[in-house]
Amino acid sequence: MKTAPADIQPNAGVVALDLLTDNEDAIISACHSNKARDMGFAPGVTVRMLRRRSSELAVVVAVADARFMVSRAVAQQILVARGVTAIREDQANE
Amino acid sequence: MTTIALAGNPNTGKTTLFNRLTGARERIGNWSGVTVERAEAVASIAGQKVRVVDLPGIYSLSAHTLDEQAAYDFIVNERPDLIVNIVDASNIERSLYLTLQLIDMGVPLVVVLNFTDIATRRGIRINVATLAQKLGVPVFFSVASRGSGMKKLERTLTKILSGEKQIEPSHPGSWCLHSDGSLCDDSPQGTEMRQQCVRSLLEGVVRRDGPRYERFSDRVDRVILSRWAGLPLFLAIMYGVFWVAVGLSEPLVEFVDSTAQLFLVDGLRHLLEMWHLPALLVAILCDGIGVGAAAVASFAPPIFAIFFCLGILEESGYMPRAAFVLDRILRAIGLPGKAFIPLMVGFGCTVPALLSTRTLEERRDRILTMLLSPFMSCGARLPVYTLFALAFFEKRGNMIVFALYITGVLLAVASGLLLKRTIFRGDGGAYIMELPTYQIPPLRNCLNRAWFNLRSFLIRAGQVIILIAIVLTLLRSAEEAWSGASESDTTTTSLSETVAVAAVPLFEPMGIDRDNWQAVIGLMTGLMAKESVIGTLDVVYSQQAQRLAVAEAEPDPEASFSIREPLRLIVGQLAADYGLAPPPEEPPDSTGLISSIRSHFKTGAAAFAYLLFVLIYSPCLAALTVLGREAGWRWMWFSVAYQTLLAWACATLFYQLATFSQDPQRATIWLFVALTALLFMALLLVVKGRRGVGLNEKPQAEGGAQ
């Protein structure tokens, strides 16, 4: 299993995407995968973990209106900030 | 000629729109990566001929895979006169990223918001006028699958092409400028900035009333992707597909075979003999073209059924979910879950399956997937299984066919494990794959798709089979004329027979004896097209049967011949098979291919060993050509050698084990030879792997094109 490069190791509030739990929302803070970025995994975008099992080698996430199957290796290159989603959603609704 | 390119994200309905605009019948499906190479057609718009190009889906103007590269090259290097950018209205935020990049390029652009029906259902409301004003390009609503919005689009294209309407994006690049005024590039910062542009662009354009999560697809996914239900459900679905394709179509195969035999062979022969036409012409028309056409017709039901079922699966949106379910298994053999889709496409036809590998990022993954794809039984092999199942395993026919499909999958897994540990060391590349929204498969699309696949199979097989039939008949007649033997002389040996008999010793260990040399000819022509196996068997068996019949009794042209009574029995049997009527008092005479197969193969073990060989041996010529082109000729020859040797070893192992009690000493020798052959092959791969032959590079974290 590949791990995130040293320069993108998550800090306290920021974790790799594959560490979110089921139905947890987060905001993407950095994406080190070009392809994922092109597909909408851009900083500032809300992401929700739909399915994460330790036995499975991919996770299922929702980004905007799309659903993605993301291999763990890619998920570890996407960093997300936990606990800020609600604020962002409120701002969006305003 | 003016060129219009259709560009957009994957699975946004580009090919559906292309088919609508041009009347073409390009393949469509509900997953990303159905179109892997550009398709072109000429459409008549505003009275002028226009070249319309359907491009593979791209998320941005950065290419990560071969299919994306094809789209990128066309847009950037060939510069079409106009781009119709198809945007998924139900996922507009993601789709507009590419739109902004296209506007930045300065190419005239028209935006089509497709899937507006889905967007409406999700409570997404888009102010199209504001969006058009902000972008400075025409924007339309459309539901391409139903054809709505097409007239408006065609009217606009007419105006643009006639010069009546000019497209000038209000401020190309103005959405995506850095603070110093330079255009943002594809660097992480540039991408981030463009994404922010999209979000600000959508302010005041999109209103959402419905929930973003917990949609119907999400709820279904909870079951379909679950650990406990996912795999059993997948197996049940696959069994259902084969039950429909084989179980439901079996009576039809018998019906078509008997009816075609009655009209195209027996009836035609009676008619031609009544007209006292030359014997050679009668032989060519009846034993050649008639028998060949009857064989081709008989495999129409299962081929139509399998493509119809696969069409339903592909249109429903289930395929990428199955990729998720099988991800772990595929990882074990060194492939990413995404490789499941090309493998699944292989159940229809190996050629598109090989082309589908273009969506995989890593070259190693692509080649390994290409080598394993032929193990998935293509539709062309299904008629062979079905007819043999009818001949030998009537009540267990479904299970036998399903067992063959499963055997193919298991051999793919075993081969994957072997190759992963030898010449393809490493793990499958990292990947990211979009899961489409579920939809009720449009019946019309599924029927159209099944029909067009069936037609192409019939044409391809018909050409091969009829050509072979004519050549064999002419050869036979020429040899009879040369040797002075009469038609009733059963002792003469034809050239084809001589060649086949010489090759029979190679196949004897798998149950093909000298009297069944025709089976070897079937395997040889199967290299051209797998569906030819059945047609060839029909032609060569019927020629021999005809000779024997002539030898036994002189034909009497005045003898009574009735179509009505046999036809009544055939139709009665069909109705009885489907439970619509009681069985006829006497079953119809089984004079067609099924009885020939039964009499030549003699035992179920020999028949199943033959089917195993057909399942595993070298891919057909068309598939080999594509394999050589896509992976390299070295891998093509590897595939031919590996699969043919494996086919022989597996068929021999099965037959010798099944008939062990008849001659234990002989069986032991052949079992030893077959196992030694397998061991030798594995050792050769180990040695080659240690020497670094193959593709033993470690995959990067993501696509090499980054």
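The values are calculated or read from the model by the stated rules, or taken from the named source; none is laboratory data. What you see is a predicted model; the values in this text were computed from it and never measured. Cβ coordinates were reconstructed from backbone atoms using ideal geometry, including for glycine residues, and neighbour counts include every protein chain displayed.
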Filter the stretch B:19-40 for residues that are more than 21 Å from the chain's Cα centre (by Cα) and not charged (D, E, K, R); the one that is nearest to residue B:453 (Cα to Cα) is B:23
Among strands (runs of 3 or more DSSP E) entirely inside the stretch A:28-73, those with 3 or more residues being farther than 14 Å from residue B:435 by Cα are A:46-51
Among residues of the stretch B:187-239 being assigned to a helix (DSSP H, G or I), under 30 Å from residue B:327 (Cα atoms) and among the charged types (D, E, K, R), the residue modelled with the lowest pLDDT is B:227
Looking across the stretch B:1-33 at residues that are free of Cβ contacts under 8 Å to residues at least 60 places away in the same chain and not polar (S, T, N, Q), the single one that is surrounded by the fewest Cβ atoms within 10 Å (Cβ to Cβ) is B:1
ask   = Scanning for something modelled with pLDDT under 80, in contact with a helix residue (DSSP H, G or I) (Cβ under 6 Å, 6 or more places away or on another chain) and in the same structural domain as residue B:277 (by TED's automatic domain parsing), does the stretch B:518-529 turn up at least one residue?
value = no
inquiry  = Looking at the structure I just gave you, is residue B:285 away from every other protein chain (no Cβ under 14 Å) and either touching a His at 6+ places or on another chain (Cβ under 9 Å) or among the aliphatic types (A, V, I, L, M) (or both)?
reply    = yes
Of the residues in the stretch B:683-706, those that are within 31 Å of the chain's Cα centre (by Cα) and either at pLDDT 95 or above or surrounded by fewer than 13 Cβ atoms within 10 Å (Cβ to Cβ) (or both) number 1
With criteria (1) small (Gly, Ala, Ser); (2) in contact with an Asp or Glu (Cβ under 8 Å, 6 or more places away or on another chain); (3) under 30 Å from residue B:678 (Cβ atoms), residue B:414 comes up short on (2)
Picked from the stretch A:35-60 (must be touching a residue at least 40 places away in the same chain (Cβ under 8 Å) and more than 8 Å from every other protein chain (Cβ to nearest Cβ)), the residue nearest to the chain's Cα centre (by Cα) is A:46
For the stretch B:374-384, the count of residues that are assigned to a helix (DSSP H, G or I), touching a Gly at 6+ places or on another chain (Cβ under 6 Å) and at pLDDT below 95 equals 1
Q) So is residue B:347 surrounded by 23 or more Cβ atoms within 10 Å (Cβ to Cβ) and in a loop (DSSP other than H, G, I, E, B) or not? A) yes
Just one listed residue, out of B:304, B:308, B:340, is among the aromatic types (Phe, Trp, Tyr), part of a helix (DSSP H, G or I) and under 26 Å from residue B:539 (Cβ atoms), and it is B:304
Given the conditions (1) assigned to a helix (DSSP H, G or I); (2) out of contact with any His (no Cβ under 9 Å at 6 or more places or on another chain), every one holds for residue B:530 apart from (1)
A careful count of residues in the stretch B:2-38 that are over 20 Å from residue B:446 (Cβ atoms) and part of a helix (DSSP H, G or I) gives 2
When you scan the stretch B:433-448, do you find a residue that is away from chain A (no Cβ under 14 Å) and surrounded by 21 or more Cβ atoms within 10 Å (Cβ to Cβ), even just one? no
Checked against (1) more than 22 Å from residue B:196 (Cα to Cα); (2) part of a helix (DSSP H, G or I), residue B:167 satisfies every condition except (2)
Picking from B:46, B:41, the residue that is in contact with a helix residue (DSSP H, G or I) (Cβ under 7 Å, 6 or more places away or on another chain), surrounded by fewer than 18 Cβ atoms within 10 Å (Cβ to Cβ), at positive phi and of a type in the set (A, V, I, L, M, F, W, C) would be B:46
If we keep only residues of the stretch B:183-221 that are facing chain A (nearest Cβ under 8 Å) and closer than 17 Å to residue A:69 by Cβ, then the residue surrounded by the fewest Cβ atoms within 10 Å (Cβ to Cβ) is B:213
Counted residues in the stretch A:61-87 being closer than 10 Å to residue B:432 by Cα, facing another protein chain (nearest Cβ under 7 Å) and either touching a strand residue (DSSP E or B) at 6+ places or on another chain (Cβ under 6 Å) or surrounded by fewer than 23 Cβ atoms within 10 Å (Cβ to Cβ) (or both) come to 5
Going through the stretch B:390-432 in order, the residues found to be closer than 30 Å to residue B:690 by Cα, part of a loop (DSSP other than H, G, I, E, B) and either of a type in the set (A, V, I, L, M, F, W, C) or within 14 Å of chain A (Cβ to nearest Cβ) (or both) are B:423, B:424, B:426, B:427, B:428, B:429, B:430, B:431
Any residue at all in the stretch B:82-93 that is part of a loop (DSSP other than H, G, I, E, B) and surrounded by fewer than 21 Cβ atoms within 10 Å (Cβ to Cβ)? no
